[in-house]
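Here is the structure we will look at, set down as C-alpha cells.
The values are calculated or read from the model by the stated rules, or taken from the named source; none is laboratory data. Being a predicted model, the structure only gives us computed values, none of them experimental. Neighbour counts are summed over all protein chains in view; Cβ atoms, including those assigned to glycine, are modelled from backbone coordinates with ideal geometry. The protein model used for the area step is the full one, side chains on, heavy atoms only, and it has no ligands, DNA or RNA in it. Shrake-Rupley method; radii C 1.70, N 1.55, O 1.52, S 1.80 Å.
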Amino acid sequence: MSLKNAIGGIALIAGTAIGAAVLALPVSTAHLGFSQTILIYLVCWFFMTLGALYLLETNIFVGYGSNMFTMAEKTLGGFAKYFTLMVYLILLYALTAAYLDGTGTWISSGLRFFHVNLTHVQAAGIATAFVLLIIFLGTQCTDWTNRLLMIGLIGTFVTLIAATMHQVNPEILLAEQGVFDLRPLPIIITAFGSAIVIPTLTEYLHGKPRQLLYVVLIGSVIPLLVYIIWEIAILGIIPVNGNPGLLQIQQHGHPVTDVPLALQSLLHNPWISTAASYFSIFALITSLLGVSLSLYDFLADGMHLAKTIKHKCLLAVITFVPPFGFIMFYPRGFIIALSFAGIFVAILLGILPAMMVWQGRYRLQMASPLRIVGGKPLLILTILFFLFVAGIECFNQLETTHWLS
C-alpha cells in the first residue's frame, strides 16, 4: 500500500463520517454540558471504531472486497444475508437520498447567484448526475475527488475555528447543566458511521492487514477530534439559554443554518456564516461520495456483477434511480427511514460485525491475519451496547409519536 493510497483511504473514512450534521451535534447535546458530552463522544467513538475493526477483520478472512451481503452469508447464514440486505439498502438509500437532496439545495442556491432558477428536483438531478459520473469512473476517481473535497473541508473548518476559538469563554463552556440524558446516543453513533466504506476500502487498497488497521484507526480519530474541537467552539461561545441560545435552536430552529447565524450575531464576523456554508457543502458531498460508493459496491457484490461497462451502467441505475425517485415522488419515504437511522446503524455497524467475528472465530474457525483484541468479553459488551442504543432509538421514536399525537 503506497502512502498516497493510505492517505486517500484515511480521507475516505474521515470524509464519510464528517457530514453537515457536525454543525448540529452541539445543539443536540447542549443540555448535557461539556464534560458529559465529551464522555459520550468517547464511548460512542470507541464502540463505533470497534465495530469498524470487527468489520475489517471479517472482510479480511472472508476475502478482500467482499461486501456485507457476502460476509453475512458466509459467517451467519442465509437468513442473516437477506436481513443484512434489507437493513443495508434501507439505510443507504435513505442516506443517499438525503445527501442528494441536500446537495441539490446547495446547487440551486448557488445557481441563483447567476440568475439561473432551477426547481428542487432539477437541482437534485444535477447532483445525482455529478456523483453518478464520479462513481462510474471508479474508486480511484472517487478517491481523488474526495481528497480535493477534504482539503476544502479542512480549510473551511480551520477558518471557522480560527474565527471562533479565541472567543471561547471558559465559564460558558464549563457551565454544567446537571442533566443526565442518553437520548442523543443514536444521533452520535450515526455521526461516527464511516465503517460502511470498509469493504470498498480493502478492495481498493489491498494492503497488509496491519496497514489497513492503521488507516481505519487514523481515519476514525479525525472525526472525533473535529467533533470535540467544534463542541468547544460552540459551547464556549453560544450560551445554552437565551436568545440566541442552543436550547432555543434545539427546540425551534434549524442547527445547520441557525448555529452559524448565532455565531455571526455574537461575534459580528461575516466570515463565519460563509465558512460554515462552505464547510457544510464539503461535508455533505464527501459523505455523499462515501455512502453512494459503498452502496454501488454492495450492489455489485450482492448481484455478483463484474464491473464491465454494461454492468457498471446497470449498477449506476439501481444505485441512483431509487433515491432520486424518492426525492421526486415520495420525499417522506427517506425522511421516515432516516428517523430510524440510529437503529439501522447500531445493527449494521455494531451488532452484525461483532456477530460475524464471533461466528468466524469461534464457530467456523476462519483463519485471519488480523485479530482484534478483547476476545469474547469485548464482543459481548459491543453487542450489548448497540442493543442498548437501538432500544434508546425505539424509545425516542415512541416519545416523538406520543408528542405528535
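For this structure, a couple of remarks:
- Test: residue in the range 324-337 that is open to solvent by 10 Å² or more (accessible area, probe 1.4 Å) and within 29 Å of Thr75 (Cβ to Cβ): yes
Condition check ((1) open to solvent by less than 80 Å² (accessible area, probe 1.4 Å); (2) of a type in the set (D, E, K, R); (3) in a helix (DSSP H, G or I); (4) touching a helix residue (DSSP H, G or I) at 6+ places or on another chain (Cβ under 6 Å)) across all residues:
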position	(1), (2), (3), (4)
Ile151	no, no, yes, no
Leu160	yes, no, yes, yes
Met165	yes, no, yes, yes
Ile172	yes, no, yes, no
Glu176	no, yes, no, no
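Residues are listed down the side, and each one gets a yes or a no for (1) touching a residue at least 12 places away in the same chain (Cβ under 8 Å); (2) in contact with a Pro (Cβ under 9 Å, 6 or more places away or on another chain); (3) part of a helix (DSSP H, G or I):
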position: Ser277; (1), (2), (3): yes, yes, yes
position: Val291; (1), (2), (3): yes, no, yes
position: His304; (1), (2), (3): no, no, no
position: Lys312; (1), (2), (3): yes, no, yes
position: Val321; (1), (2), (3): no, no, yes
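- Top-ranked residue in the range 221-234 [being open to solvent by 10 Å² or more (accessible area, probe 1.4 Å) and not β-branched (Val, Ile, Thr); ranked as farthest from the chain's Cα centre (by Cα)]: Leu225
- Residue within the range 98-114 that is free of Cβ contacts under 8 Å to residues at least 12 places away in the same chain, more than 19 Å from Gly302 (Cβ to Cβ), not in a helix (DSSP H, G or I) and not basic (Lys, Arg) present: yes
- Residues in the range 342-371 that are open to solvent by less than 20 Å² (accessible area, probe 1.4 Å) and over 18 Å from Leu384 (Cα atoms): Gly360, Arg361, Leu370.
Residue-wise test of (1) surrounded by fewer than 23 Cβ atoms within 10 Å (Cβ to Cβ); (2) touching a helix residue (DSSP H, G or I) at 6+ places or on another chain (Cβ under 9 Å).
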| site | (1), (2) |
| --- | --- |
| His31 | yes, yes |
| Leu55 | no, yes |
| Met86 | yes, no |
| Thr96 | no, yes |
